[in-house]
Structures are given as C-alpha cells and as structure tokens.
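Engineer: Sending over a structure as structure tokens; questions will come in a sec.
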Amino acid sequence: MDDLSKVENNNYGAEQITVLRGLEPVRKRPGMYIGSTDTHGLHHLISEIVDNSIDEALAGYCDTVSVVINKDGSCSVQDNGRGIPTGINKEEGKSAVELVLTKLHAGGKFGDGGYKISGGLHGVGLSCVNALSEWLEVEVKQNGKIHKQTYNRGIPQRDLAVVGDTTETGTKVTFMPDDTIFETVVFDYDVIRKRLRELAFLNKGITITIKDLRAGKEETFHYEGGIVEFVNELNEGKNTILKKPIYIDFTSKDGTGEIEIAFQYNDGYNEIIHGYANNINTTEGGTHIEGFKKALYKVINDYGHKLKILKDADKLSGDDVREGITAVVSVKLQEPQFEGQTKTKLGNSYMSAEVSNAVVEHFGTYLEENPDNARSIILRSVTAQKAREAAQAARSMARRKGALESTTLPGKLADCTEKDPKLCEIYIVEGDSAGGTAKQCRDRRFQAILPLRGKILNVEKARLNHVLANEEIKAMITAFGGGVGQEFDPEKLRYDKIICMTDADVDGAHIRILLLTFFYRYMPGLIESGHVYSAMPPLYKLQKGKRVEYCYSEQEKAAKVQEMGTKGLDVQRYKGLGEMDKDQLWDTTMNPEHRGLIQIQMKDAIEADKIFTLLMGDAPELRRKFIEENAKLVEDLDI
Ligand code: 28G
C-alpha cells in the first residue's frame with residue numbers, strides 16, 4: 001500500500017492525453033451516456049453514483065448512503081461499503097480507483113443496454129460523472145488508510161495518495177458538474193429526494209440520507225418494510241380493503257435474482273401498478289408486469305369458483321380483478337433486457353413465468369389462509385365487473401347516439417383550418433374570457449382553441465360511464481379524435497400538440513391537475529406518446545420607457561429588475577390569462593417563435609394523480625396537510 005502514498009507526481013503529460021481520449025466520447029456526446037444535458041441529465045449524475053453505493057449494499061457490504069449538496073453547489077455521495085479497491089493494477093500500473101474513474105466501462109445505460117446490479121459490475125458510471133465534472137474528488141477508506149485523488153474534467157491531477165488513517169471503510173465522491181456541458185448545474189433538492197426515497201423503498205433496510213447545506217435541510221429514509229411501505233404510501237388517503245398489503249418475496253435458487261411484490265386494494269377505480277427492474281422504473285411495463293397480471297387473473301378466478309361466488313362459466317376480466325389495485329412489482333435480475341421507446345420495458349421473457357409462478361403460489365396460499373380477505377377481494381372484483389357491464393352498455397348507447405364517435409365537433413371549439421394533424425395544435429383554455437382572447441389572437445391556420453368552463457368533472461369519484469357523460473370531457477374526447485380508454489389510438493389524433501393553458505395561480509394549477517389526471521386515467525397513451533404540453537404564461541411584465549420584458553419565474557424577474565434598475569420601472573404581475581390583451585397573449589404564450597412549452601411526462605401525470613387523490617379524496621385531514629405543506633407553493637403562485 002505504501003507505494004501509493006507518493007503525494008507529488010505530476011508526470012502526466014502523455015497519460016493525460018490517453019485519459020482525455022478515453023473519456024472524450026462522454027464529453028463529446030454526453031446525451032449518449034446520461035440521456036441529456038438538461039436538468040434531468042444533471043440529476044442523473046447523482047443517480048449514477050448512488051447506484052454504485054446501492055450495488056455495494058445489495059452485495060451485502062454497505063447499509064448507509066449519504067448524499068450532500070454542498071454550499072458551493074457540488075455534491076457528495078458517501079457509502080460505508082468496502083471502498084473501491086485501491087491496489088495497483090499490474091497491467092495498467094494504476095490504482096483500481098483510477099481505472100474505475102477514468103475508463104469507460106461497457107454497458108452504459110444509454111449505450112448498449114447492459115445494466116449493473118450487485119453482480120460485480122459496479123463502478124460503471126463513475127467515469128461518466130468524472131468526465132462531466134469540472135472537478136471530482138474521490139476518497140476511499142480501506143485497510144486503515146484514507147486514500148484520495150482529484151480530477152479535473154476527468155483528468156487525474158496526481159496519483160491516488162494516502163492522506164490519513166481511519167478505522168472505517170467506504171467510498172466518498174464529491175463532484176462539481178461542468179457548467180460548460182450542462183444547461184443548468186443547480187441541483188434540485190426535491191428531485192434528488194424523490195429518487196433517494198424511491199431507492200430506500202426498493203431496497204429495504206438501507207439508510208439513505210439527504211442533506212442540503214445551501215438551505216439547511218436534511219432527511220433520512222429507511223424502510224424496514226420496503227415496498228410494503230411504498231404501497232401504503234401510494235394508498236395514503238384512500239380507503240383500503242385489506243389491513244395490510246400482501247407481500248411476496250421470492251429469491252431464485254442460485255441467489256442471483258429476486259422478485260418482490262406488494263399489493264393492496266382500495267375502494268377507488270384505478271389500477272396503479274408500478275414496475276421496477278433493478279431499481280429502474282419500468283414505465284412501459286414488460287414481462288414482470290405481464291406475469292403479475294396473469295397470475296392475479298388466474299388466482300382470483302379460480303378462488304371465486306371455488307367459493308362459488310362465481311358461477312361455472314362466469315369469468316372476471318383482467319380489468320375487474322385489477323380495479324382499485326395498488327401494486328409495486330420489483331424484480332432484480334442478471335442481464336436485464338430493456339426494450340420499448342424509452343427503454344423502460346422489461347424484455348426478459350422468462351420473467352413472466354417466474355413472476356406468475358411466484359404469485360400463483362403465494363397469493364393462492366394467502367387466500368386459503370385469509371378467507372375473509374379472499375371474500376373481500378373477490379366481491380370487489382365482482383362489483384367492478386357489474387359496473388363495467390353497465391358502463392359498457394352506457395358507452396354503446398352513447399355510441400349509437402353518436403355522442404362520442406360523432407364527427408360533429410363541439411360548438412365551443414374554434415378549430416384550425418390546416419388538415420394535417422402533425423401540424424395542428426389545440427389549446428385547452430381555462431375559462432370563457434381567456435378562451436375568447438385566445439380565439440382572437442391565435443394563428444387560425446394551425447391553432448385550435450377549446451375553452452373549458454370552470455372545473456371539469458371530479459374524475460376521482462366518478463365511474464367511467466359518468467365521466468364519459470360529462471360535457472367538458474366529451475368536448476375534449478371529440479375534439480382530440482383519438483378515442484378513449486381501451487380504444488384510444490394516437491394515430492387518430494386530430495392534433496399533434498395538446499396544450500393546457502391555465503392561469504399561473506392555485507386555481508390554474510388545480511385545473512391542470514384535473515386535466516392531467518383525466519388524461520392519465522383515460523388516455524395514458526396521449527401522455528406516453530408525448531402529445532401533452534403545458535403552456536407557460538408569464539408571471540410578470542416589466543416596463544421601463546419603451547422597453548418591455550416578460551418574466552416567467554420569480555428568479556427571472558429578480559434578475560431582470562436588477563438589470564433594468566428600479567427607478568421608473570413598472571412591474572405588472574399577471575394573475576390570470578384574462579388580464580392580458582390579445583397581442584400580449586400571442587407574444588408571450590402562444591407564438592411558437594417565442595413561447596415556452598413544457599412537455600408533460602408520465603411521471604408528472606402520476607404526480608398529478610396523487611395530488612388529485614389528496615385534494616379530492618375522502619380524507620380531509622390529508623387534504624389539509626397537503627395544503628399546509630404546499631403553502632409555500634400556494635404563496636409563490638398567488639401573492
Ligand atoms: C460514494 C460514491 C459511490 C463503490 C465499491 C466496492 C468495490 C468496487 C465499488 O469494485 C471494481 C470490478 C470487479 C472487483 C468490489 C470492493 C469488490 C471488493 C469492491 C461507490 C472489483 C469495483 N472490494 N464501492 N467498486 N470491481 N461505491 N459509491 O462507488 O472486480 S464502487
């Protein structure tokens with residue numbers, strides 16, 4: 001070890017170049033390695049590092065991971081694992097630490113689809129973070145010593161060196177993201193918090209802490225119950241059918257794979273199944289989810305017949321047995337294959353049978369051993385079946401009347417003249433007055449306007465047949481043209497962009513949540529295929545003499561005020577779209593040349609769905625809690 005303690009060694013001329021070459025592809029095409037260079041990519045850096053710590057924990061050598069956002073804006077991740085090996089690699093003549101941090105390892109997430117999980121592959125990803133950091137410092141505690149090395153944009157500044165003694169072991173990485181690569185280098189506490197909390201749920205027993213030294217915030221996540229607590233959390237505010245979630249944990253014989261499932265039923269009508277493979281959220285589903293659904297269908301139908309609740313030929317549908325279910329299906333496997341548009345669909349075909357077998361066995365036994373719960377679950381599915389039949393009848397009636405499939409567009413819709421859907425967009429506008437302004441200023445060739453009156457139907461409490469009878473909902477369905485529910489077909493959409501334009505206040509936020517929840521539950525494909533956007537109306541208009549500036553955030557306003565100087569500056573705060581005249585609305589929010597649009601992601605819709613449940617659900621204390629916790633947001637939005 002002592003040969004490592006040479007502190008001063010700067011003979012790096014030739015080697016610097018090799019390292020640079022080695023990591024050059026990452027700096028040249030960062031998107032290939034971390035997805036993007038926007039705020040998502042930035043936060044992905046932390047995930048990459050934390051994943052290594054999680055792998056070390058899954059290997060059984062680490063139980064604590066801490067993430068710190070430092071005052072200078074850098075981020076530190078620390079674990080109490082074995083520490084990256086510090087010994088010198090014979091062939092390369094360098095420490096393993098340096099190799100892990102400077103060599104691109106095969107299997108980058110956005111590269112060839114290889115993945116890492118507790119299989120000795122860890123260390124992958126660290127070199128990417130290193131390449132994309134202005135500076136990075138690695139500290140390894142191992143064999144009684146503290147070893148340290150620093151890098152600038154991936155280039156080691158000296159050899160790994162011993163800088164002190166310790167009785168602990170572990171790895172600590174501190175990095176400053178490179179602001180010449182990233183659009184923003186400001187870490188967002190809530191984004192990091194969300195992912196760390198998810199990881200704590202998915203990997204029970206691990207303690208994960210987050211600390212923000214900029215704001216003086218910190219939290220610790222530790223869930224002994226793992227995904228069981230995750231399911232409880234997802235059901236917060238809902239009336240659940242079972243006392244506690246059903247939990248299945250199945251480890252493959254050779255110990256290289258694990259299937260963990262927790263599920264619970266509530267008295268609502270949605271199906272929420274969150275899938276994970278190797279801690280990655282499989283939003284596009286995959287074989288693990290198929291296996292789970294297949295088993296649920298089989299077990300509930302078999303048991304329903306056995307209890308004679310179901311008659312001979314009577315069969316509950318897949319939708320019936322999943323109505324009101326909240327499930328987390330988390331699998332860990334060697335060499336996962338990820339497919340689909342966003343590479344979030346698990347493809348390993350054996351996983352379907354593996355999951356299905358595990359569920360049939362465990363859930364079957366559960367129903368035998370818990371006859372009261374078995375009855376509740378089956379009766380719940382039977383109720384769903386009856387309601388579905390009624391909805392079906394209502395729907396076909398509506399179809400006969402031509403209400404939904406009719407080519408008669410809603411009267412309130414101001415359609416565009418262009419016929420190619422790829423070029424068309426529709427603005428869903430809150431309120432008749434803003435709708436009127438939008439109709440006046442739009443470019444009628446490709447922009448359609450659909451004003452919505454007041455708050456649309458409370459989708460939480462309504463079953464499908466009621467939802468589809470609501471005027472505002474019907475207007476949207478007919479205008480979009482892509483159908484609804486099972487029949488939804490993005491190919492048939494009449495617009496490429498569906499843009500929600502709501503006021504920048506609490507009511508506006510509320511209406512947006514309602515819209516997203518409706519899309520999420522009845523046309524998830526609309527969001528999945530990236531057709532839904534949120535318009536960005538300005539919050540302020542600043543005017544000084546002839547100069548006019550619009551600001552879209554508090555920060556932007558503060559910066560602009562500074563720049564323009566306060567004397568003679570007129571600051572107008574827009575509370576609603578209705579306060580803008582038609583030229584202002586066009587310039588700031590609707591003109592494709594200047595406007596900002598936010599594309600709505602599936603996770604935004606899931607979040608909306610959750611908030612919606614809290615706001616509209618049956619638990620007034622939770623609603624109050626939500627409003628209290630979000631008082632800051634409410635304040636920011638509506639001064
Ligand atoms: C705090 C920041 C992120 C890590 C380890 C531990 C080992 C390791 C990491 O090895 C090289 C290649 C395959 C074995 C493994 C230590 C085995 C024995 C490790 C981290 C060596 C990588 N002793 N902890 N990498 N492997 N934590 N946290 O990065 O052959 S990375």
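The values are calculated or read from the model by the stated rules, or taken from the named source; none is laboratory data. Only a predicted model underlies this, so the values are computations on that prediction, with no experimental measurement involved. Note that we place each Cβ from the backbone using ideal geometry, even for glycine, and neighbour counts take in every protein chain shown.
Engineer: Would you be able to say whether some residue in the range 189-206 is within 13 Å of the ligand (Cβ to nearest atom), closer than 27 Å to PHE221 by Cβ, in contact (Cβ under 8 Å) with a residue 40 or more places away in the chain and of a type in the set (Phe, Trp, Tyr)?
Structural biologist: No.
Engineer: Filter the range 246-269 down to the residues that are modelled with pLDDT of 95 or more and farther than 15 Å from LEU202 by Cα and list them by number.
Structural biologist: Correct list: ILE246, GLN264, TYR265.
Engineer: For the subset of the range 461-479 comprising residues that are part of a helix (DSSP H, G or I), more than 27 Å from the chain's Cα centre (by Cα) and at pLDDT 70 or above, which member is farthest from GLU430 (Cα to Cα)? Please lay out each step first, then the result.
Structural biologist: The first filter runs over the range 461-479 and keeps only residues part of a helix (DSSP H, G or I), leaving 464-467, 471-479.
The next check asks that each one be more than 27 Å from the chain's Cα centre (by Cα); those that pass are 465-466, 471-472, 474-475, 478-479.
This time we only want the ones that are at pLDDT 70 or above, so: 471-472, 474-475, 478-479.
Working: GLU471: 15, GLU472: 11, LYS474: 16, ALA475: 14, THR478: 18, ALA479: 16 Å.
Among those that are part of a helix (DSSP H, G or I), more than 27 Å from the chain's Cα centre (by Cα) and at pLDDT 70 or above, it is THR478.
Engineer: Okay, next question. Between ALA438, ALA448, which is within 34 Å of the chain's Cα centre (by Cα), over 16 Å from ARG494 (Cα atoms) and among the aliphatic types (A, V, I, L, M)?
Structural biologist: Sole residue among the options that is within 34 Å of the chain's Cα centre (by Cα), over 16 Å from ARG494 (Cα atoms) and among the aliphatic types (A, V, I, L, M): ALA438.
Engineer: Out of the residues in the range 283-315 that are in contact with a Gly (Cβ under 7 Å, 6 or more places away or on another chain) and modelled with pLDDT under 95, state the one that is nearest to GLU361 (Cα to Cα).
Structural biologist: Among them, the one singled out is LEU310.
Engineer: Can you tell me how many residues in the range 141-165 are surrounded by fewer than 16 Cβ atoms within 10 Å (Cβ to Cβ), assigned to a loop (DSSP other than H, G, I, E, B) and away from the ligand (no atom under 13 Å from the Cβ)?
Structural biologist: 2
Engineer: What are the residues in the range 524-545 that are free of Cβ contacts under 8 Å to residues at least 60 places away in the same chain, under 16 Å from GLN599 (Cα atoms) and not polar (S, T, N, Q), if any?
Structural biologist: Residues satisfying the conditions are GLY525, LEU526, HIS531, PRO537.
Engineer: Additional query: Looking at SER53, SER66, which one is surrounded by 22 or more Cβ atoms within 10 Å (Cβ to Cβ) and not in a loop (DSSP other than H, G, I, E, B)?
Structural biologist: One residue alone meets the criteria, SER53.
Engineer: Still on this model: Please verify whether the range 214-229 includes one or more residues that are within 30 Å of LEU23 (Cβ to Cβ), within 15 Å of the ligand (Cβ to nearest atom) and in contact (Cβ under 8 Å) with a residue 12 or more places away in the chain. Spell out the reasoning first.
Structural biologist: Within the range 214-229, the subset within 30 Å of LEU23 (Cβ to Cβ) is 214.
Now drop any that are not within 15 Å of the ligand (Cβ to nearest atom), which leaves none.
The answer is no, given that none of the residues of the range 214-229 is within 30 Å of LEU23 (Cβ to Cβ), within 15 Å of the ligand (Cβ to nearest atom) and in contact (Cβ under 8 Å) with a residue 12 or more places away in the chain.
Engineer: In addition: Scan the range 150-178 and report the pairs whose first residue is farther than 13 Å from LEU132 by Cα and among the hydrophobic types (A, V, I, L, M, F, W, C) and whose second residue is away from the ligand (no atom under 14 Å from the Cβ) and in a loop (DSSP other than H, G, I, E, B), with Cβ atoms within less than 6 Å and a gap of 6+ or a chain change.
Structural biologist: Cβ pairs passing all conditions: ALA161/SER5; ALA161/VAL7; VAL162/SER5.
Engineer: What strands (runs of 3 or more DSSP E) completely inside the range 201-271 contain at least 1 residues that are buried (at least 17 other Cβ atoms within 10 Å of the Cβ) and in contact with an Asp or Glu (Cβ under 6 Å, 6 or more places away or on another chain)?
Structural biologist: On the way: elements: 207-212, 217-221, 246-251, 258-265.
Correct list: 207-212, 258-265.
Engineer: Could you tell me whether GLY324 is modelled with pLDDT of 95 or more, over 30 Å from CYS441 (Cβ atoms) and not hydroxyl-bearing (Ser, Thr, Tyr)?
Structural biologist: The answer is no for GLY324.
Engineer: Can you report the number of residues in the range 69-101 which are within 10 Å of the ligand (Cβ to nearest atom) and part of a helix (DSSP H, G or I)?
Structural biologist: Residues that pass the stated criteria total 5.
Engineer: Scan the range 482-508 for residues that are farther than 29 Å from GLY576 by Cα and modelled with pLDDT of 80 or more and jot them down.
Structural biologist: GLY482, GLY483, VAL484, PHE488, ASP489, PRO490, GLU491, LYS492, LEU493, listed by residue number.
Engineer: For the condition in a loop (DSSP other than H, G, I, E, B), of a type in the set (Phe, Trp, Tyr) and either away from the ligand (no atom under 14 Å from the Cβ) or without any contact (Cβ under 8 Å) to a residue 24 or more places away in the chain (or both), what is the one hit in TYR33, TYR61? It would help to see each step written out before you state the result.
Structural biologist: Numbers: TYR33 fails: in a loop (DSSP other than H, G, I, E, B).
None of the others qualify; the one that does is TYR61.
Engineer: Within the range 520-550, take every residue that is of a type outside the set (Lys, Arg) and farther than 26 Å from LEU450 by Cα and give me the one that is farthest from the chain's Cα centre (by Cα).
Structural biologist: Among those residues, the one meeting the criterion is GLY545.
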